[in-house]
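One structure below.
Every read-out reported here was derived from the displayed coordinates using simple, explicitly stated rules and does not represent laboratory data. It should be emphasised that the depicted structure is a prediction, and the values quoted were computed from it without experimental measurement. A quick note on method: Cβ atoms are made from the backbone with ideal geometry, for glycine too, and the neighbour counts reach across all protein chains shown.
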Amino acid sequence: MDVILFLLFAAIAVACGVNLVVQKHPIASALSLVGVMGSLAVLYLLLGAEFIAAAQVIVYAGAIMVLFLFVIMLLNAGGEPKTPGKSRMAGLLGIPLMAVLLGLLSYLVQRALPKPAGVTFGAFTGGKPYDVGKAIFTEYMLPFEITSVLILIAILGAIVLARKEID
Amino acid sequence: MQAIYQSPLFLPLVMTVVIIGVFPLLAGYIVLVERKVLADFQVRLGPMRVGPHGLLQPIADALKLLLKEDIIPTNADKFIFWMAPVISTFTALTAFAVLPFTEQLRVADVNVGLLVVSAMSSVGILGIILGGWASNSHYPLLGGLRSAAQLVSYEVALGLALVSGVMSAGTLSMVGIVKTQLARGVWGAFDNFGFMLVPFVIYIIAATAETNRAPFDLPEAESELVAGFHTEYSGFRWALYFLAEYANIFVVSSVAVTLFLGGWLRPFPSVKWLEIPLNYGVPVLLFAGSGVASFPLAKRLKSHIHRVGLIGMAMLLVLLGLLLLVPAVNAAVAGFFWFFVKVSSLVYLMIWFRGTFPRFRYDQLMNIGWKWLIPIGMGCILVNALLGLAGA
Amino acid sequence: MFANYLPTGAEYFRLLPEMILTAAGTLIMVLEPLTGYRRKRFLGHLALAGLLAALWAAVVAYSSPGPAFNRLIVVDGFATFFRVLVIVVGILTVLSCWDFLARHKAESGEFYSLILFSVVGQCVMVSANELITLFIGLEVSSIATYVLAGYLRDDKRANEAALKYFLLGSFATAFLLYGVAWIYGVTGTTNLVDIRQILESRDVIHPILAVSTAAALMFVGFAFKVSAAPFQIWAPDVYQGAPTPVAAFMSAGPKAAGFAILLRVYLTAFGPIDQSWVPFVWTCALATMVIGNFAALAQNNVKRLLAYSSIAHAGYIMVAVATGTAPGAAAAMFYLAAYAFMNVGAFVVVSHISGRGERKVNIDDLAGLSSRQPLTAALFSVFLLSLIGVPLTGGFFGKFYIFKAAIDSQLYWLTILGLLTSAVAAYYYLRLIVVMYMRPAVDGEEELPPLGGGLKTALWASALGTLALGIFPSAVLNFAGASGAMLVR
């Protein structure tokens, strides 16, 4: 069951990822990105990282993608014009060649990595909010606190870049 | 046969089917209640034609919507136009999966339950803004943009209020939250020496905005934007948006009840001797009392069929009330009863808001969200932490 | 239960520079709306005070070296060296930006806050002992710099620079993060010392290809930050478009911090597998030197020229990294210190002569500078001679130690090509000096404003630093040698 779900959502994630690049219209690309984010959340869930999965949906699939769409709609960005002079040979040759390249790469990666016992779904139990919170506030407290400086910079940046004309 | 009942998936599956089957009907009747209540506020009658006192109005409306012509504007993005209401409805109904109606009566108890609800509400926004965009029309686009800005802003305040609630509960599991309230012997809203009422109020305000309800209904302000993001929708697709809106109202009310009002717990859960009067007295009085009160009303009715119908209903109510006196039945139903009473009160509150407050202007809306609710929500977290320390 | 995670006083002490800088930056943000329009300079003084306090703290923190915060950062000689370096660059930038900002009527607290926060990020980077902390420090430093590059909002080139830097920079850091994920997947840790131990231990079989992939992916991120080929494309456009003081800052501070983490990650964590990463560092060093120096020949814009020269210098430092030894690391550290002084100095001069709207940044605009402002011209010449690598300047000893380390590690080809490209570099630097001294000023040229106090201080400090490193290199070099040796222990 877990493996089937994994394969299903991994396939969806990859398909959405490809679609994201292929689509001409920004809204369609953004929606594909939602698909990628959603499938990733399911994959996290399968691996036992419940909190990360929920946070992924809230932050990425929800908040960030809404802002993406908001900006695209506000700018009223249309589809890209079709690039003329695209050779058909490129598609005919390129796609099989890319498949071969990716196949070779994945074969090499598989050869290179050690043979572990394999991922056991559900074996990991450190993904509850408690575990994540504990790691953040004990072991990784410093990076967590430095992240607040990062957010401060983001706010400052918004002020600097969005202010009215300098006079 | 035995095996099916005992399977851990049995109750969740049944609950899922029941929720999906029953909720549209329930939503229809919430609409009817809303129309009736608003009519009462405005000293008029509301729907009266279909069925006695308009009681069959929701069914007639549903039939009408199903049979209506499905119009798709020219140059609309068809696929997204089709998908948008589905996203809204899907996310709204998915959130039901983690609502605990009682300790047993639920689909799932996940340890990030509250986050699942937030996740679904944040993805649900996509349905609204995509619907607004895909219609390829000005009013819906403006409505969609407005709603995106509004929902993103108020989501922050909502989240901060939830954080305050979660801090005293110490868990994100919806069942766990209610159990903590049982253990602490007090509803969440009155915890921390009553301070939790502040985040509760913030939550109610932000939740009203999250569900696009008046006085925060700018995304569908009739007088400015015709009907906002769903102007171009008709028929069944429009019904889906409607269903999603009422499902969201139900969900935010349920979350408020779970987090702040003790979920399925009766009032004063820690006071032992109140169990009999509250768990038996209140529901029995409510059902049997309203049944008995109906008898004198029935005499005044002129139509014979109406009279028979009302008497039949009254007898049924009395019977239900009496049934609740059986301890086994009572134990099984009391939790559900309290949950439903609380949720209904909150839904009524939202209808009341709509009947009372004028709509905010856009800048007022943003001011309330960013300059009041969010700072106060942050302050609440701080004060809660300090009070929690003091309490511990 | 969590008491043993509470940081001790000594650990806070080791983080003191970062804390002082953050506090100063936040204080400036709070005071900004309370400060009158004409009194923004006060915030600049405040930033300067914060930086000086942090400089003191960085030096003092070295009195109790050691790891802190669960071994996420470590204060050792290496960290202290680079902390002092990036804070000094920050000081020079703040000193040199006053005239520029006043000229463009763009003085505001945000500029100083962003500089301070960027320095915080660099301090975290150079003292990070763990990849997550390192990454977050890098992001803090980079994002502040992206914003600074677009600080002059009405300038189209500044906007282009900021956007280009931001897009490419995010792309590069994504590679870095992907590399971190790989290394975590293989070794199960992000702590640099632990990674080294795992890679060293013979009983754990680590897949060399996977580790090399991680090293290569992380190299993409680092190479972008230090503008090494083939990831240098952004540098000329960004340096040209960004406000000149910011360009000075970018070419010294983040670059030094970038090399610091490159050295620390590659020598400490990936030290045991150097046979797999030295080849691509080698190639990168070669390409960077060649591209930087030859492209600089064709430039007419001084800012672009300095940008290409900064790419070329990254190439020399890459040679030091390619040695993979402690003397190499020490040479790189020395070079970065010398480079910071001479390059910031050169950019400060450019910012002085560029005029309002930064219109006068072509080589021809330098004509007659020796007669118009002899002092500026003289100091500029010092910086340029040091960039060439003339003896008695810091640049000379920097190059000398790097090529010495390279020869000791049998990197003969790199040494030969490095020397050849340095000879090419001499041409375009000398061209500037020739224009300054030999060509008469164009008539009707408006008078250059006199050097402001901050600008003067920054120029003299950079010149003194350049010369001091050229005349008394041993103190700095000994310190660098000792702390470089700690990396590969």
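Numbers below:
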{"read-out": "Calculated SAXS-style log₁₀ I(q)/I(0) at q = 0.19, 0.21 Å⁻¹ - the stretch C:237-376, Debye, Cα scatterers", "value": "-1.07, -1.22"}
{"read-out": "Sequence-separation-based contact order of the stretch B:117-199, relative, with Cα cut under 8 Å and 6+ spacing, percent", "value": "19"}
{"read-out": "Rel. contact order, % - alpha carbon contacts under 8 angstrom, at least six apart, the stretch C:81-224", "value": "19"}
{"read-out": "Fewest-first ranking of B:177, C:115, B:205, A:159, using other Cβ atoms within 10 Å as the exposure measure", "value": "A:159, B:205, B:177, C:115"}
{"read-out": "Reciprocal mean inverse distance between Cα atoms of the stretch B:225-326 - Kirkwood radius, Å", "value": "17.6"}
{"read-out": "Sequence ranges B:84-93, B:125-134, B:194-203, ranked by mean other-Cβ count within 10 angstrom, highest first", "value": "B:125-134, B:84-93, B:194-203"}
{"read-out": "Amide proton proximity set for residue B:107, modelled H, under 5 Å, gap of 5+", "value": "B:99"}
{"read-out": "Principal-axis tilt of helix C:453-471 within chain C, Cα atoms, nearest 10 degrees", "value": "60"}
{"read-out": "Peptides B:231-243, A:127-139, C:324-336 ordered by average Cβ neighbours within 10 Å, highest first", "value": "C:324-336, B:231-243, A:127-139"}
{"read-out": "Chain C, helix-only ellipticity at 222 nm - DSSP H runs n ≥ 4, -39,500 (n - 2.57), divided by all residues, nearest 500", "value": "-25000 deg cm²/dmol"}
{"read-out": "Ascending count of other beta-carbon atoms within 10 Å, so fewest first, for C:313, C:45", "value": "C:45, C:313"}
{"read-out": "Shape category assigned to the stretch B:233-392 from the gyration tensor of Cα positions, a/c cut at 1.5", "value": "oblate"}
{"read-out": "Cα gyration tensor shape of the stretch C:352-445, rounded if a/c is under 1.5, else prolate or oblate by comparing a/b with b/c", "value": "prolate"}
{"read-out": "Cα gyration tensor shape of the stretch C:235-319, rounded if a/c is under 1.5, else prolate or oblate by comparing a/b with b/c", "value": "oblate"}
{"read-out": "Cleavage-rule hits, trypsin sites (Lys or Arg not before Pro), the stretch C:326-385, DSSP coil, Cβ neighbours within 10 Å at most 10", "value": "C:359"}
{"read-out": "Residue among B:307, B:146, B:213 with the largest mean-square fluctuation in a Gaussian network model of chain B, springs linking Cα atoms under 10 Å", "value": "B:307"}
{"read-out": "Highest to lowest packing among C:182-194, C:456-468, scored as the average C-beta count within 10 Å", "value": "C:456-468, C:182-194"}
{"read-out": "Residues whose placed amide H lies under 5 Å from that of residue C:75, excluding near-sequence neighbours", "value": "C:66, C:68"}
{"read-out": "Mean shadow area of the stretch B:30-103 over all directions, Cα convex hull, nm²", "value": "8.4"}
{"read-out": "Radius ratio Rg over Rh of chain C, counting only Cα atoms, Kirkwood formula for Rh", "value": "0.96"}
{"read-out": "Gaussian network model of chain B, Cα within-10 Å springs - most flexible of B:289, B:159, B:263", "value": "B:289"}
{"read-out": "Kyte-Doolittle at least -1.0, axis length at least 18 Å by Cα - qualifying DSSP helices, chain B", "value": "B:10-41, B:78-95, B:113-134, B:138-169, B:197-210, B:235-260, B:282-300, B:304-323, B:327-356, B:374-391"}
{"read-out": "At 1.306 mPa s and 10 °C, Stokes diffusion of the stretch C:22-118 via Kirkwood alpha-carbon radius, µm² per second", "value": "111"}
{"read-out": "Chain B: most fluctuating residue of B:214, B:328, B:108 per GNM, C-alpha cutoff 10 Å", "value": "B:328"}
{"read-out": "Viscosity 1.306 mPa s, temperature 10 °C, Stokes-Einstein D of the protein assembly as shown from Kirkwood C-alpha radius, µm²/s", "value": "48"}
{"read-out": "Exposure proxy ranking, count of Cβ atoms within 10 Å, fewest first, for C:21, A:104, C:477, C:297", "value": "A:104, C:297, C:477, C:21"}
{"read-out": "For chain B, fraction of C-alpha pairs farther apart than 33 Å, in %", "value": "37"}
{"read-out": "Shielding by partners - mean other protein chain Cβ count within 10 Å, residues of C:143-149", "value": "4"}
{"read-out": "Directionally averaged projected area (convex hull, Cα atoms, the stretch B:7-160), nm²", "value": "12.8"}
{"read-out": "Average beta carbon contacts from partner chains per residue of B:114-121, 10 Å cutoff", "value": "5"}
{"read-out": "Crossing angle, helix C:77-103 versus chain C [Cα axis fit, 0-90 degrees, rounded to tens]", "value": "30"}
{"read-out": "For chain B, calculated [θ]222 nm from helices alone, where every DSSP H run of n ≥ 4 adds -39500 (n - 2.57)", "value": "-23000 deg cm²/dmol"}
{"read-out": "Relative contact order (%) - the stretch C:3-487, alpha-carbon pairs under 8 angstrom, separation at least six", "value": "15"}
{"read-out": "Shielding of C:62-74 by partner chains, average beta-carbon count, 10 Å", "value": "2"}
{"read-out": "Rounded to 10°, Cα long-axis angle of helix C:156-187 versus longest principal axis of chain C", "value": "10"}
{"read-out": "Two-decimal ratio, the stretch A:128-167, of alpha-carbon radius of gyration to 2.2 N^0.38 Å", "value": "1.79"}
{"read-out": "Nonlocal amide H pairs with residue C:130, under 5 Å, H built at 1.01 Å", "value": "C:192"}
{"read-out": "Cα centroid separation - the stretch B:82-158 against the stretch B:40-74, whole Å", "value": "25"}
